[in-house]
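Contents: one structure, followed by commentary.
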Amino acid sequence: MGFDARRASSETVVIHVGEALDFRNADAFKSTFQEHVENGIRQFVLDFSDTEVLDSTGLGAIFSLYREISSDDGKVAFADVSEPVQVVVHLTRTYKVFRQFPSVEAAQEAFSG
Amino acid sequence: MAEHTVLIVEDESTVRELLKYRLGKHYDVYAAENGEEALDRIEETIPDLIISDIMMPKMDGFALQSALQTDKNTRVIPFIFLTARADEEARQQGQRKGVDDYITKPFDMEALLSRVERLLERIDMFQTQLNAEIGQDFSNRLLPDQVPTVEDYKFRFHSEARQQGGGDLFDWTETDNDTYFLTIGDVMGKGLRAKFYAFSFLSYVRSTLHTLLKESTSPAALMARLNDMLLNDEVLEDTFATFLLMHWSPNTHTVTYANAGHCRPVLMTPDGPEVPEHSDLILGLEEDVAFSDVTLDLDPGAALVAYTDGLMEQRTQDGDMLGEDGVRDLVAEAYGSDDSIRALLDSALIRSASDQFEDDLLVTWLQRENRNG
């Protein structure tokens, strides 16, 4: 199952994470972002509005994305973070690395500013 | 289970297309027109099973099968020959090694499909058994055989491994000053891969600890070293781990620890449970992260309970995860029981939707005895 990713600007891609990002579809998520990383994209907004499940493999896939682009000053923002995602982000202290925004629009605005 | 890949080698296009069509409903199918082309295709993708004609131009089925026998990567691929009546003699001449079946043309499609299915089932079964054995072996190596015995203290741990679980690890080391380093971690990911990384990682942690303990007993300093290692080691690249390093000093009744994104331990005292706030970033994500040490006093009767996320993520009957609050309550309930870990796990299961734990699970329970009580 693929992920819905759209080019929001010349520099930013928004990925709709969907209901679950876990060990079942983490590889599909990786190939989704990989394509955009290869095209030079360094700013990603992850839309968590519908996300019920984020397990450690799923979170690991997001970390892989961050590791690939962080050396180029790349950024990954979390938008519209649902409760289950909030729990994981809090536990692993990753809010220190991924900025969170109330909406996709707010994240895009912060990127373009 | 991932979809199986079947290679069809057949020069007659009608037979080839028919096989592609019928097998394509169940498997990922690709095809070649002769042995030579098949070898090229196999170099790109190794199939789970090969169905090959015998009489073909350029390179026939026998030559293809012999070529595959010479390479250990292709020797084990199940091989079915489709033979015309005319080939019968050739077939009789040499009973070939490594051929799993001969099916005579014109063949019954249903019979062929059922042969293919059975052969692939057999491979899956071997694979599953092998994975289970290796996974169990890794799981065992990620845990110590015994725990330190220290006067005035009770120290226990419990671990349950699931084949599809992750890379939980636990280890301890005694220092020269009668103190102990306890290492609890969880390498992200599932299955064999996570266990393998956890195993490699733990080996590194053990050797680093031995070297580093000569200079410092700061868990935070060691944590920074481990983080550098995960970021710079090529094999472990893309590996992330939550880690809890505790330096336990029974003489001063303290535990000094650093926490890299791991489940926060519960400190239980006769006054009630408490979850110390302190925690830093998970390992392997960012360079030059600061880790800090926090020291807890273990008063008489105090227990420090650490665990991995398998416990916290266990689903309760409401469908929610047990969560940090849930674990804290369970620790408080189990406190005072003779076998406190067992009591904790039993009451976790009573609240669970399932009658067993869904993921790998690790709990350590360190308790100072209450001499006054």
Rounded to 5, the percent of DSSP beta bridges in region B:5-136 classed as antiparallel: 0
Any residue on another chain or 5+ positions along whose placed amide H is under 5 Å from the amide H of B:K105 is listed here as B:T83, B:A84, B:R85
What is the extension gain from B:K105 to B:N73, computed as 0.36 nm multiplied by their sequence separation minus the C-alpha to C-alpha distance, in nm to one decimal? 8.6 nm
Full extension between B:V275 and B:R193 adds, at 0.36 nm per residue less the Cα distance, a length in nm of 26.4 nm
Label points 7 Å out from Cα along the Cβ direction at B:D176 and A:A110: separation in nm? 4.9
Determine the dipole magnitude for the protein assembly as shown: charges of +1 sit on the beta-carbon of Lys and Arg, -1 on that of Asp and Glu, nothing else is charged, the reference point is the Cα centre, and the result goes in debye to the nearest 20. 760
What is the local net charge at B:V289, summed over the other residues whose Cβ is closer than 11 Å to its Cβ (Lys, Arg +1; Asp, Glu -1)? -3
Angle in degrees between helix B:191-212 and the longest Cα principal axis of chain B, rounded to the nearest 10: 40
Within-13-Å neighbourhood charge of B:G323 [Cβ basis; K, R +1; D, E -1]: -4
For region B:48-73, list residues with backbone N below 14 Å from a point placed 7 Å from the Cα of B:D40 toward its Cβ? B:58-59
If you count only protein heavy atoms with a 1.4 Å probe, what accessible area per residue comes out for region B:238-301, rounded to a whole Å²? 33
Taking the DSSP beta bridges in the protein assembly as shown as the whole, what percent of them are antiparallel, to the nearest 5? 60
With everything on Cα atoms, drop me the angle between helix B:109-141 and the longest principal axis of chain B, reported from 0 to 90° to the nearest 10. 30
Residue-wise, which Karplus ³J(HN,Hα) couplings in Hz belong to region A:76-92, taking 6.51 cos²θ - 1.76 cosθ + 1.60, θ = phi - 60°, and x for glycine or proline? 10, 10, 9, 10, 6, 5, 7, 4, x, 5, 4, 4, 5, 5, 5, 4, 8
Residue span B:Q146 to B:I350: 0.36 nm per residue of separation minus Cα-Cα distance leaves a gain in nm of 70.6 nm
Any idea how far apart B:H253 and B:A63 come out in nm if each label point goes 7 Å out from Cα toward Cβ? 8.5
Which residues make up the longest stretch of chain B clear of trypsin sites (Lys or Arg not before Pro) that lie in a DSSP loop with no more than 13 other Cβ atoms within 10 Å, not counting the sites? B:215-370
If the elastic network links every pair of Cα atoms under 10 Å, which of B:H247, B:H210, B:H262 fluctuates the most in the Gaussian network model of chain B? B:H210
Lysine pairs in the protein assembly as shown with Cα distance under 24 Å, only those 8 or more apart or on different chains: how many are there? 13
Quick check on chain B: of the DSSP beta bridges with both residues there, what percent are antiparallel, nearest 5%? 70
Give, rounded to the nearest 20 debye, the magnitude of the charge dipole that region A:4-112 has about its Cα centre when Lys and Arg contribute +1 at Cβ and Asp and Glu contribute -1 at Cβ. 380
Report, in degrees rounded to the nearest 10, the 0 to 90 angle that the Cα long axis of helix B:35-44 makes with the longest principal axis of chain B. 10
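The values are calculated or read from the model by the stated rules, or taken from the named source; none is laboratory data. All values derive from a computational prediction rather than experimental measurement. Please note: Cβ atoms are built from the backbone with ideal geometry, for glycine as well, and neighbour counts cover all protein chains shown. Surface areas here come from the heavy atoms of the whole protein model, side chains and all, with no ligands, DNA or RNA. Shrake-Rupley method; radii C 1.70, N 1.55, O 1.52, S 1.80 Å.
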